[in-house]
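What follows draws every value from the coordinates through simple rules; no lab data is involved. Keep in mind that what you see is a predicted model, and the values were worked out from it rather than measured. Positions of Cβ are backbone-derived with ideal geometry, glycine not excepted, and every protein chain shown enters the neighbour counts.
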2 protein chains.
Amino acid sequence: MDQVEIFKALSNKTRLQILGWLKEPELNFPEQPNADFENVGVCVGQIQLKSGLSQSTISEYLSILQRADLISSTRIGQWTYYKRNKEGIEKLSKIINTAL
Amino acid sequence: MDQVEIFKALSNKTRLQILGWLKEPELNFPEQPNADFENVGVCVGQIQLKSGLSQSTISEYLSILQRADLISSTRIGQWTYYKRNKEGIEKLSKIINTAL
DNA sequence: TTGGTATATCGGGAAATTCCGATATACATT
DNA sequence: AATGTATATCGGAATTTCCCGATATACCAA
C-alpha cells in the first residue's frame, strides 16, 4: 500500500470521523444483536446512519479506508461489519516516525 | 490547524518526499554557504532542483506544508529557507495515536 | 420462486487539487 | 536608478475527489 494512498484516505472529515467512531464503538453505536463490536465491528448501516451521508458514499468511504489497511471487514449474513485495524494504524504511526 | 488539512498536505508524493529530504538535509542537499541546515534549513531553489517540478509548484507546496505546521521558514536576504518542524510532526504523531 | 433488506458498484455533476507558465514582489549589486 | 536573482502569487487546463441517485448483487424469509 502506497503511503500517499493512506494519507488520501485520511484527507476527509467523514472518513476521519468513522475511524474515531470505530475506535470506541460501544460509545458511538447502539448495542448490536448477534455481533460484538470487538470481534466483528459495526455494520455499514449504523455507520451510515451516524454519518448522515448516503449509503453509496459510506460504502465507498469504507472501502477506501479498507484499501488503506486502516479498517477490516467481516461479512455475516446480509450484513458487513467493519472494525478498526490495529496493525494498519500502527504501521501508519511508524511511517510518521520514520519517514517524516 | 484542521486535522484534515494536515492529511491533505501529506496526500502528495512530492510533498512527502520533501519532508523526507528535510529530515536529513545533509544527505539530500549539497553544502550551503552562509546557512546551516540545522538552524535555517534548505533554500527553495535546492528543493525545486531536486524535485524536478516547476518553481511555482514547489513554492506552493512548501507553503501548503508550512500551513500544516510540518515545516517552517526563515528569510535571509533573497533566499527563503525551509526546515522540518519537529513540534508539528510530533503533534501529528499524537493525533494518530489518540484519534485513530 | 418471489419479495424484502443490506451492501456494493456505476455514472455523473460540482468542487477541489495538480502542476504549469506568466507575472509580481523583494532584495542585492552596480 | 537600473538590472539580475530568488521566491511568491495569479490564472488556468487537466485530473481527481466528493457525494449523490440509480442500479446491481448477495443473502434471507415466506
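Cross-link partners among lysines for B:Lys83, C-alpha distance below 24 Å, same-chain residues fewer than 8 apart left out?
Once the sequence-local lysines are set aside, what remains near B:Lys83 is A:Lys8, A:Lys94, B:Lys8, B:Lys13, B:Lys23, B:Lys50, B:Lys91, B:Lys94.
Would you please give the residues with an amide H less than 5 Å from that of B:Ile71, counting only those at least 5 places away or on a separate chain, with H modeled from the backbone geometry?
B:Gln66, B:Asn85
With the calculation restricted to Cα positions, what are the radius of gyration and Dmax of the protein assembly as shown in angstrom?
That works out to 20.1, 68 Å for Rg and Dmax.
Once you put a point 7 Å from the Cα of B:Glu90 and another 7 Å from the Cα of B:Gln17, both along the Cβ direction, what distance in nm separates them?
3.0 nm
Of the candidates B:Asn28, B:Asn39, B:Asn85, which one comes out as most mobile in a Gaussian network treatment of chain B with C-alpha springs shorter than 10 Å?
In this elastic network of chain B, the residue with the biggest mean-square fluctuation among B:Asn28, B:Asn39, B:Asn85 is B:Asn39.
Report the one residue of A:Pro25, A:Ile58, A:Phe37 whose Cα lies farthest in the direction of the positive end of the charge dipole of chain A (charges on C-beta: Lys and Arg +1, Asp and Glu -1; origin at the Cα centre).
About the Cα centre, the residue reaching furthest to the positive side is A:Ile58.
Tell me the relative contact order for chain A as a rounded percent, counting alpha carbon contacts under 8 Å between residues six or more apart.
Averaging sequence separation for qualifying contacts and normalising by length gives 28 percent for chain A.
Taking the Cα centre of each part, how many Å lie between segment B:29-69 and segment A:36-76?
If you average the Cα positions of each part, the centres end up 40 Å apart.
For chain B, what are the per-bin percents of Cα-Cα distances with bins 5 Å wide, up to the bin holding the maximum?
2, 13, 25, 25, 18, 10, 5, 2, 0
Quick one: Karplus J couplings for segment A:33-42, per residue in order, coefficients 6.51, -1.76, 1.60, θ = phi - 60°, nearest Hz, x for Gly and Pro?
For segment A:33-42, the Karplus-derived couplings read x, 6, 6, 8, 4, 4, 7, 10, x, 10 Hz, x marking Gly and Pro.
May I ask you to sort B:Leu22, A:Leu100 by Cβ crowding, counting other Cβ atoms within 10 Å and putting the fewest first?
So the residues, fewest neighbours to most, are A:Leu100, B:Leu22.
Rounded to the nearest 20 Debye, what is the dipole magnitude of the protein assembly as shown about its Cα centre when Lys and Arg each give +1 and Asp and Glu each give -1 at the C-beta?
280 debye
From the phi angles alone, apply the Karplus equation (6.51, -1.76, 1.60; θ = phi - 60°) to segment B:22-32 and give each ³J(HN,Hα) in whole Hz, x where the residue is Gly or Pro.
Values per residue, Gly and Pro as x: 6, 5, 9, x, 5, 8, 10, 9, x, 3, 10 Hz.
For the pair A:Glu5/B:Asn39, report the inter-label distance in nm, with labels modelled 7 Å from Cα in the Cβ direction.
If labels sit at A:Glu5 and B:Asn39, their model points lie 4.5 nm apart.
What is the distance, in nm, between label points placed 7 Å from the Cα along the Cα-to-Cβ direction at A:Leu27 and at B:Ser54?
The two pseudo-label positions are separated by 4.7 nm.
Please get the size of the charge dipole for chain B, origin at its Cα centre, with Cβ charges of +1 on Lys and Arg and -1 on Asp and Glu, quoted in debye to the nearest 20.
Here the size comes out at about 240 debye.
For segment A:1-54, report the % of Cα-Cα distances exceeding 19 Å.
Considering segment A:1-54, 35 percent of its Cα-Cα pairs are separated by more than 19 Å.
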